[in-house]
1. For region 121-228, what class follows from the C-alpha gyration tensor (a ≥ b ≥ c being the square roots of its eigenvalues): rounded when a/c is under 1.5, otherwise prolate if a/b is larger than b/c, else oblate?
2. For region 1-82, which trypsin sites (Lys or Arg not before Pro) are in a loop by DSSP, counting at most 15 other Cβ atoms within 10 Å?
3. Over the chain, what is the relative contact order in percent, taking alpha-carbon pairs closer than 8 angstrom and at least six residues apart?
4. On a full-extension model of 0.36 nm per residue, what is the gain between Leu10 and Asp212, subtracting their alpha-carbon distance, rounded to one decimal in nm?
5. What per residue convex hull volume, in Å³, do the alpha-carbon atoms of region 360-404 yield?
6. In nanometres, what is the gap between the two model label sites at Asp369 and Ala31, each 7 Å from Cα along Cα-to-Cβ?
7. Convert 20 °C to kelvin, take the viscosity as 1.002 mPa s, use the Kirkwood radius over C-alpha pairs of the chain as Rh, and evaluate the Stokes-Einstein diffusion coefficient in µm²/s, rounded to a whole number.
8. With every protein chain kept in the model, how would you rank Asp212, Asp282, Asp336 by accessible area, 1.4 Å probe, largest at the top?
Amino acid sequence: MGLKRKILELHKKREAVLKGGGDKAIEKQAAMGKLTARERIISLLDPDSFHEYDLFVEHEARDFNMDKKILHGDGVIIGTGTIYGAPVCIFAQDFTVAGGSLGMMHARKITKIMDHSLKLKVPLIGINDSGGARIQEGVNSLAGYGEIFFRNTLSSGVIPQISVILGPCAGGAVYSPALTDFVFVVDKISKMFITGPEVIKTVLGEEISMEDLGGAKVHSEITGNAHFYAKSEAECFEQIKKLVSFIPWNNIKKAKAFEPKEPKSEYKVSEIVPGDPRQPYDVRDVIKGIVDDSDFFEIQENWAANIVIGFGRMNGETIGFVANQPLVLAGVLDVDSSDKAARFIRFCDAFNIPIITLVDLPGYLPGVDQEHMGVIRHGAKVLYAYSEATVSKITVILRKAYGGGYIAMASRHLRADFVFAWPTAEIAVMGPEGAANIIFRKEIMEAEDPDKMRKQKVKEYKEKFANPYVAAARGYVDSVIEPEETRKLILHAIDVSDSKSVFLPQKKHGIPPF
Ligand code: HXC
């Protein structure tokens, strides 16, 4: 056979595989408002940058008539490409081929591209659209998942791992995403659950829809399993591109720097925080008043909204922000917000992204619910994550910093490099009302007019402790600053801590309160 005919043969073979599960299955996919796996990759990556591997891989299953089934590409596409010029490794499960279910060769393709991403030290993006372990392949499918989970863990903290949920993902198909750094979901398309509605009905006799069990809203608002929620696949791909522009390729390289830009004039930090400590405000406006071009990329916006996390840039470089949100539950730390903050702090630390912490909180949330849900264990994660982090840590106390909240939110005692406080800061063991009620209880009870006495004692306490100067007198706060000076001082602090190095005791690894 001459070269020309061999090339024709190659084209024919390629065409057959590119059809995926065939026209009917593709029509079904489109009817659900879903792109095909290949369309997704092409939409996400830079034009003409995608290079596919293992196109001709075939499954080896023989049981349950599998020997008669052709599963093109074994239901998954793998390859490399770029996003805004940054290299990435990618896989996308093809639901049109056996429901994107994971058999042995399907898993081998995924682990091959995972090994590549770890060796090449570039981000891994997994587009998940799968019914989970391929039932006909039994333990081989389970082995495949085990191999994937192992690699997710090995890569953790070395390369960023991004998961996109674009279909009904069941069983093993959700545990790999759970081990990755960022999970993206799309309204009506994404479903994530360990056991589906059928199993729940059989075992528990309860009826529930897939959407209510594990739809996009459930995971971006209730469980916190998802980090980004989008209305459409197109919007989701834009979010992924934006994330990739903020994060480094690996734990050695720095994220790409952009042209520095001043914040927009409508965000004036001195005009955002009300003087009355009981008045709420949106802390995101403060962040926008600090970061380049007021461009703040929020993560997990709709879950545990009492804390705000996300990326911005300062002097063109990526910075991680952690900020109490007085708009929601007065910005308290609770079970979920502690988990949210701690995981983000660890991501920033692993990838050498400086952390700026904005503090305004009355403390940890009191109550039986929180105690019984383990606020001690979860809250300890914040203490652990900040203490362990060796990246530059810069803290600005805007208003309230009471009790455990003061310590937990990147205080000097957990080794913040720079601690600034606005003149409105109140640093104390607890709020003035609670404190006065406890330490002056006797005087208040015995007074002729207990109410008047309480007010007087609250005033006395406020004058003594509800300010930043007691902490500044001990050096716990480095400078009391005007709000308008915040950006300038943070820029300087980042600049001077560029070569920061910290010596830690030798150990295999710590044991965080997971
Ligand atoms: C083999 C599967 C499959 C699976 C789907 N298919 N899931 N084949 N193994 N796990 C096949 C279907 O037979 C069908 O093939 C095609 O994919 C499309 O599936 P439909 O059911 O027609 O699609 P839909 O109605 O959209 O429902 C999607 C679904 C449902 C919700 C995902 O298929 C489903 O519930 N699948 C099983 C989910 C599950 O329990 N997986 C195992 C998890 S255990 P044809 O040929 O008819 O087109 C697991 C263990 C690992 O993952 C745990 C590690 C911790």
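1. Judged from the Cα gyration tensor, region 121-228 comes out oblate (a/c at least 1.5, b/c at or above a/b).
2. In loop regions of region 1-82 (DSSP not H, G, I, E or B), the sparsely surrounded trypsin sites (Lys or Arg not before Pro) are Lys19, Arg62, Lys69.
3. It comes to 8 percent, rounded to a whole number.
4. Here the segment from Leu10 to Asp212 would lengthen by 68.1 nm.
5. Here the figure is 67 Å³ per residue.
6. In this crude label model, Asp369 to Ala31 measures out at 4.2 nm.
7. The Stokes-Einstein estimate is 85 µm²/s.
8. Of Asp212, Asp282, Asp336, the descending order of accessible area is Asp212, Asp336, Asp282.
The values are calculated or read from the model by the stated rules, or taken from the named source; none is laboratory data. Please read these numbers as outputs of a predicted model, since none were measured by experiment. Glycine gets a Cβ as well: all are built from the backbone with ideal geometry, and neighbour counts include every protein chain shown. What goes into the accessible areas is simple: the full protein's heavy atoms, side chains included, and nothing from ligands, DNA or RNA. Shrake-Rupley method; radii C 1.70, N 1.55, O 1.52, S 1.80 Å.
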